[in-house]
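Every number in this text was worked out from the coordinates using simple rules, so none of it is lab data. Nothing here was measured: the structure is a model prediction, and the numbers come from that model. Methodologically, a virtual Cβ is constructed for each residue, glycine included, from the backbone with ideal geometry; neighbour enumeration extends over all protein chains shown.
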Amino acid sequence: MRQSSLVVVAMRLPIDDSVAPDGACEWRRSPGGLVSALHPLLRQTPATWVGWAGGSGPAPSLPDVDGVRMHTVPLTLDDLRDHYEGFANATLWPLYHDAVEQPEHHRRWWEAYQRVNQRYAEATAAVAEPGAIVWVQDYHLQLVPGLLRALRPDLRIGFFLHVPFPPPELFMQLPRRAELLRGMLGADLVGFQRAQAAHNFAQLTTKVLGVSATDRRIAVDDRVVRIGAFPVSIDTAEMSALAGSPEVAERAQRFRRDLGDPAHVILSVDRMDYTKGIEQRLTAYSELLASGHVKVRDTVLVQVAVPSRERVGQYQVLRDRVEREVGRINGEFGRVGEPAIHYLTQPFDRAELAALYRVADVMAVTPLRDGMNLVAKEYVAARVDDSGALLLSEFAGSATELSQAYLVNPHDLEGLKQGLLSALEADPADVTTRMRAMRAHLHRYDIRAWARSYLSALDESGSLLHRLGGP
Ligand code: ADP
Ligand code: G6P
């Protein structure tokens, strides 16, 4: 088995299988934040990514992808049902997002969560060279740091949670709360999106495990676990360059024409998820249409909602409700050839997405709760001419950094309507000032800055980053 000095562990491998022109199956690097974030670093050292390649058969043996070794973890249909759809996405996901949907608890799901986490830990132990740095990602794998430390105490282990970490009142509902906390404390550094999450975690470790904790350090056994906020970011330069390209500018113009050349285009881009506030946004829009504050001929709403986690009941119910409401609004307020809402459930490639961002005068990102929300950051990066109003939920992690956005509370229907109107009617000079400030922030604090700030905190000796050319 080839071993690496840097190992990333995530539920999914950063690849998609696609069919090459000659009909052969080809593995490609999937677009997406984490891969782009880590790719420049992974390429410079013998690195391995441990994860699932999709499907439920035996683990395929994959070629290296852009110089990074792919180490597959096999998952069975039972694992997918009970670990991924069950414990990860029907227990932890709703609980960590303010329980906006009711979390479910089943012993069988917990057993699968332990079993699958053990498998990832063993796979990681096999590919990490002595003293390697291992970076474990997200809520699917919270037990991996502890399990891995038991197998390989020589490793330097980091854990990063991409989703919110809830306040004690919510986390305390979990039947296996102590085990989950102990799992995370197997890491040397536990990273969160926001300082509030680190605070919640510190409080909980004291309350549940009785350990001594501050918002920076937790004493466990004879070790110190460091914790902190490391807000994830995007490849700002890449999105700016793409959005600024003549092809994308031309595509954006065509989009605008196809939309009927309206005075205002509002865009939302979400996974179809109950945390994203899609229904609340549709209600607000519908009421603005009904009151005449927004007119179909002047304004269009483009709602992109890619189906997600489709075998989980709550996601099926949501999709039905959203589609019924879009149909109702279009039936009531649309005209022939002029729908009130353009509703799209397709995946878009990056250039099409960049063109959509460029065409959007107002970007409505109004989740009820979100760890970060990269769409908000991508929109800002794509606004190369410093125009465009970002309407952003206070409950998205990105609101901490993008404080110049038009901030709204998506639970407050009147506030949401007012926010949409303010963004639509904003003074262009104000819009530009805000956008410039947000763009400057994202150029400084991009995905590489994120990865480096996390890894330099994890790699106290500095040996890895030294090899990679310093922080
Ligand atoms: P989440 O991780 O909860 O889905 P984020 O906003 O943080 O939410 O990240 C979503 C990512 O998925 C973004 O990088 C966005 O560009 C991408 N994405 C969303 N919708 C689509 C789509 N229809 N086609 C392609 N990519 C999409
Ligand atoms: C969030 C999670 C990721 C997850 C993504 C898409 O961003 O933090 O870990 O990969 O949603 O969800 P999916 O269930 O399709 O992997």
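Assign unit charges at the C-beta atoms only (+1 for Lys and Arg, -1 for Asp and Glu), then state the dipole size of region 236-444 relative to its Cα centre in Debye, rounded to the nearest 20. Kindly include the intermediate steps, with their values, before the conclusion.
Values: 26 positive and 30 negative charges, 58 e Å.
My answer is approximately 280 debye.
Using +1 at the Cβ of each Lys and Arg and -1 at the Cβ of each Asp and Glu in the chain, identify which of ALA126, LEU402, VAL312 lies farthest towards the dipole's positive end.
Of the candidates, ALA126 comes out farthest on the positive side.
Distances longer than 13 Å among the Cα atoms of region 145-184: what percent of all pairs is that? If you can, show how the numbers build up before the last one.
Working: 482 of 780 pairs.
For region 145-184, the share of Cα pairs beyond 13 Å comes to 62 percent.
Could you tell me which of rounded, prolate or oblate describes region 349-471, using a ≥ b ≥ c as the square roots of the eigenvalues of the alpha-carbon gyration tensor, with rounded for a/c under 1.5 and, failing that, prolate when a/b is larger than b/c and oblate otherwise?
Prolate is the answer for region 349-471, as a/c is 1.5 or above and a/b outweighs b/c.
Whole-Å semi-axes of region 236-444's equivalent ellipsoid, largest first, each the root of 5 times a Cα gyration tensor eigenvalue?
In descending order the semi-axes read 24, 19, 18 Å.
Can you give me the convex hull volume of the Cα atoms of region 82-172, divided per residue and expressed in Å³?
94
From Cα pairs below 8 angstrom and at least 6 apart in sequence, can you work out the relative contact order of the chain, rounded to a whole percent?
Reported as a whole number, the value is 14 percent.
Exposure proxy check: HIS199, HIS83 ranked by fewest other beta carbons within 10 Å?
If I rank by nearby Cβ atoms, fewest first, I get HIS199, HIS83.
Among MET272, SER461, LEU6, which residue has its Cα furthest toward the positive end of the charge dipole of the chain, with +1 on Lys/Arg Cβ and -1 on Asp/Glu Cβ?
SER461
Starting from the Kirkwood Rh over alpha-carbon pairs, what translational D in µm² s⁻¹ does the chain have by Stokes-Einstein at 4 °C and 1.567 mPa s?
Translational diffusion coefficient: 56 µm²/s.
Exposure proxy check: SER422, SER393 ranked by fewest other beta carbons within 10 Å?
In increasing order of surrounding Cβ atoms, one gets SER422, SER393.
Cut-off is 10 Å between beta-carbons; in what order do LYS295, LYS417, LYS276 appear when sorted fewest neighbours first?
The fewest-first ordering by Cβ neighbours comes to LYS295, LYS417, LYS276.
Please give the charge dipole size of region 29-185, origin at the Cα centre, charges +1 on K and R Cβ atoms and -1 on D and E Cβ atoms. Round to the nearest 20 debye.
Values: 14 positive and 16 negative charges, 77 e Å.
So the magnitude is around 380 debye.
Only bridges with both residues in region 236-444 count here: give the DSSP antiparallel percent, nearest 5. Walk me through the numbers on the way to the answer.
Working: 1 of 23 bridges.
The answer is about 5 percent antiparallel.
I want the antiparallel fraction of DSSP beta bridges within the chain, as a percent rounded to 5.
Looking only at bridges with both residues in the chain, the antiparallel portion is about 20 percent.
Which whole-angstrom value gives the distance between the alpha carbon centres of region 48-124 and region 358-423?
After rounding, the separation between the Cα centres reads 31 Å.
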